[in-house]
Amino acid sequence: MGDILFLSHRIPFPPDRGDKIRSHHLLRHLAKEHRVHVATFGETAADMAAESELAAVAASHCLIKRSKPLPLAGVEAVLSGKPVSLTAFDHARLHGFVRDTLARHAIDAIFVFSGQMGQYVPADYRGRVVIDLCDVDSAKFEAYGEKGGARAFIDRREGVLLAREEERLAHRADTTILISDNEAALLASRMERPDRARITALRNGIDTVTFDPAKVAVQPELEKTAGPNLVFTGQMDYAPNIDAALRMIDGLMPRIREALPDAVFHCVGRAPVAALTARDGEPGIRIWGEVPDVKPFLKSADMVIAPLTIARGIQNKVLEAMAMARPVILSPEAATGIDAVDGEHFVIAPDDDTIVEAVMRLQASSAEADKLAARAREFVMREQGWDAMLAPLSDIVGGAMRDAA
């Protein structure tokens, strides 16, 4: 029952996007057994409005509105030789809260959620450190850099510097957590001294009570269309999601609509960039932006599409769609870390041709689509509940604290 300092780059409330969903459940799980002190950032009005929810869980907390402009973070990064990802989350007040918390409380362990927050672990801290990197961000930025474009140099630099920081953190931590076995193996494969790190996987879960089609109303506008309605969800200022949506709009929907002229692609998620909002209203294209609840869109989807070409960790959007008993067509990248079976729980389509073929096949056979959807929900209920996924966490943190005693 020792005290824990929990460092998170985004406030774990409301749990309405992938990383916040994970940190939310981690924090709540830890708070069942420990007094948890939380240092974190908010970015939106909804984030800051959730401070009361954070206060109800945390023994003490520090919530800072992150407002540092990205260009300033970039200048600081160049001058300091650090990744932009670190300078963007560097804040004197949060450093002060960490120092004060360590001075005032007997902190047995520091739990770091996301690599950006590792910079707040003092070099002279002698307690135990657990770091949840979630996924290997350096590999993601390397993939961005390989695509070329105006940001290629910046992305390649970020990839190199983040790789060094990830190895430093893995050596600093008593245990480093990744979101899947694949991500854990990837991190180890990129390290010069993987033997000096203890790396393990802790997979994402899904709230199958909240994501239950029997408890969710339909989305009226989708129900009025002839369809099929093809739904993609996500944070729509996030580069991999933007690329996936544009792939659907430019590469896939024209082909799909040749055979299914009433087909509509629905892009659902907050902060869509101009390249997406400009496409709203084109034949068969709806860019919804932020909606009060994504679940009705999933319930009214004929199919959920996840054609990601860059994906790290486990995609919550896929688990949510499966929990809502929807047929899911996804790329191999989006399927990574989910131990479901292709053709039984979802359809893995490695290229544009197979995605189009899968849409046509499922639209032509409601029996196959319904069977796929039912098996998808059965799978997540059996294999992907949060309680089952987080069961090892007590040993990871509690064992670390016993070692320190």
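The values are calculated or read from the model by the stated rules, or taken from the named source; none is laboratory data. Remember, it's a predicted structure, so these values are computed and weren't measured experimentally. In this analysis, Cβ positions are derived from the backbone assuming ideal geometry, glycine residues included, and neighbour counts consider all displayed protein chains. SASA here: full protein model, heavy atoms, side chains in, ligands and nucleic acids out. Shrake-Rupley method; radii C 1.70, N 1.55, O 1.52, S 1.80 Å.
Looking at (1) part of a helix (DSSP H, G or I); (2) within 16 Å of ILE64 (Cα to Cα); (3) hydrophobic (A, V, I, L, M, F, W, C), can you tell me which one ALA103 breaks?
Result: ALA103 fails condition (2) only.
Residues ALA184, ALA170: which one is under 18 Å from the mean Cα position of the chain (by Cα) and in a helix (DSSP H, G or I)?
Answer to the check: ALA184.
Mind counting the residues in the range 279-309 that are hydrophobic (A, V, I, L, M, F, W, C), open to solvent by 20 Å² or more (accessible area, probe 1.4 Å) and in a loop (DSSP other than H, G, I, E, B)?
Final tally of qualifying residues: 2.
List pairs: first in the range 264-281 and of a type in the set (Asp, Glu), second open to solvent by less than 20 Å² (accessible area, probe 1.4 Å), Cβ under 7 Å, 6+ apart or cross-chain?
Qualifying pairs under 7 Å: ASP280/ILE287.
Scan the range 194-245 for residues that are in contact (Cβ under 8 Å) with a residue 24 or more places away in the chain, closer than 30 Å to ARG361 by Cβ, surrounded by fewer than 20 Cβ atoms within 10 Å (Cβ to Cβ) and among the charged types (D, E, K, R) and jot them down.
Passing the criteria: ASP212, GLU223, ASP243.
Does at least one position in the range 147-159 carry a residue that is small (Gly, Ala, Ser), at pLDDT 95 or above, in contact with a Ser or Thr (Cβ under 9 Å, 6 or more places away or on another chain) and in a helix (DSSP H, G or I)?
So far as the range 147-159 goes, yes, one or more of its residues are small (Gly, Ala, Ser), at pLDDT 95 or above, in contact with a Ser or Thr (Cβ under 9 Å, 6 or more places away or on another chain) and in a helix (DSSP H, G or I).
Restricting to the range 267-278, name every residue that is surrounded by 20 or more Cβ atoms within 10 Å (Cβ to Cβ) and more than 14 Å from LYS317 (Cα to Cα).
Once the filter is applied, which keeps residues that are surrounded by 20 or more Cβ atoms within 10 Å (Cβ to Cβ) and more than 14 Å from LYS317 (Cα to Cα), the range 267-278 yields PRO272, LEU276.
For the range 5-53, which positions are at pLDDT below 95 and among the small types (Gly, Ala, Ser)?
Once the filter is applied, which keeps residues that are at pLDDT below 95 and among the small types (Gly, Ala, Ser), the range 5-53 yields GLY18, ALA45, ALA46.
Among residues belonging to the range 335-357 that are part of a helix (DSSP H, G or I) and without any contact (Cβ under 8 Å) to a residue 40 or more places away in the chain, point out the one that is farthest from ALA185 (Cα to Cα).
Selected residue: GLU357.
Taking the range 36-54 on its own, how many of its residues are part of a loop (DSSP other than H, G, I, E, B) and open to solvent by less than 30 Å² (accessible area, probe 1.4 Å)?
Summing the residues that are part of a loop (DSSP other than H, G, I, E, B) and open to solvent by less than 30 Å² (accessible area, probe 1.4 Å) in the range 36-54 gives 1.
Is it the case that ALA323 is open to solvent by less than 40 Å² (accessible area, probe 1.4 Å) and within 20 Å of VAL209 (Cα to Cα)?
When the stated conditions are applied, ALA323 passes them.
Of the residues in the range 127-146, how many are closer than 18 Å to VAL397 by Cα, in a loop (DSSP other than H, G, I, E, B) and at pLDDT 95 or above?
Residues in the range 127-146 being closer than 18 Å to VAL397 by Cα, in a loop (DSSP other than H, G, I, E, B) and at pLDDT 95 or above: 0 in total.
Condition (residue is polar (S, T, N, Q), part of a strand (DSSP E or B) and in contact with a Leu (Cβ under 8 Å, 6 or more places away or on another chain)) applied to the range 229-251: is it met by at least one residue?
Looking through the range 229-251, at least one residue is polar (S, T, N, Q), part of a strand (DSSP E or B) and in contact with a Leu (Cβ under 8 Å, 6 or more places away or on another chain).
Looking only at the range 88-114, filter to residues that are open to solvent by less than 50 Å² (accessible area, probe 1.4 Å) and touching a helix residue (DSSP H, G or I) at 6+ places or on another chain (Cβ under 6 Å); which one of those is nearest to LEU72 (Cα to Cα)?
ALA88
Rundown of residues vs (1) open to solvent by 20 Å² or more (accessible area, probe 1.4 Å); (2) outside any helix (DSSP H, G or I), yes/no style:
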{"residue": "ALA56", "(1), (2)": "yes, no"}
{"residue": "LEU63", "(1), (2)": "no, yes"}
{"residue": "LYS82", "(1), (2)": "yes, yes"}
{"residue": "LEU86", "(1), (2)": "no, no"}
{"residue": "ALA123", "(1), (2)": "yes, yes"}
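From the set of residues in the range 128-166 that are touching a strand residue (DSSP E or B) at 6+ places or on another chain (Cβ under 9 Å) and acidic (Asp, Glu), which is most open to solvent (accessible area, probe 1.4 Å)?
That would be ASP135.
For the range 384-391, indicate whether the set of residues that are assigned to a helix (DSSP H, G or I), open to solvent by 40 Å² or more (accessible area, probe 1.4 Å), of a type in the set (A, V, I, L, M) and under 30 Å from ILE107 (Cβ atoms) is non-empty.
Checked against the condition, which is being assigned to a helix (DSSP H, G or I), open to solvent by 40 Å² or more (accessible area, probe 1.4 Å), of a type in the set (A, V, I, L, M) and under 30 Å from ILE107 (Cβ atoms), the range 384-391 yields at least one hit.
Which of the residues belonging to the range 103-150 are of a type in the set (S, T, N, Q) and either under 16 Å from the mean Cα position of the chain (by Cα) or closer than 16 Å to LEU186 by Cβ (or both)?
Passing the criteria: SER114, GLN116, SER138.
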